[in-house]
Amino acid sequence: LPALFKQELQNTEAEEGGTATLRCELTKLNAPVEWRKGDTTLYPGLKYEMKQQGSTAELVIYDLELDDS
């Protein structure tokens, strides 16, 4: 069975230059997660950090810019 959202992403407000954390909960443990912004796949690096523990997946966005909205 495919993994589904138990808890979907919530809108988050943050200031430019700050950090934002997006979190979702899935119905399957350790299901593969691909973070995307529109058609663009996001990859870990200086700007993005991806974390996953059990059924919770998290995306941390550093040094926020208006384009990150």
>> Could you go through region 36-54 and let me know if any residue there is closer than 19 Å to residue 15 by Cα and of a type in the set (Asp, Glu).
In response: yes
>> For region 27-38, give me each residue that is closer than 21 Å to residue 2 by Cβ and open to solvent by 60 Å² or more (accessible area, probe 1.4 Å).
In response: 27, 28, 29, 30, 32, 34, 36
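Identify the residue in region 7-16 that is part of a loop (DSSP other than H, G, I, E, B) and over 17 Å from residue 66 (Cα atoms) and, among all such residues, is least open to solvent (accessible area, probe 1.4 Å).
Within region 7-16, the match that is least open to solvent (accessible area, probe 1.4 Å) is 9.
The values are calculated or read from the model by the stated rules, or taken from the named source; none is laboratory data. Bear in mind the structure is a predicted one, so any value in this text is a computation, not a measurement. No Cβ is skipped: glycine too gets one built from the backbone with ideal geometry, and neighbour counts run over all protein chains shown. Accessible surface areas use protein heavy atoms only, side chains included; no ligands, DNA or RNA. Shrake-Rupley method; radii C 1.70, N 1.55, O 1.52, S 1.80 Å.
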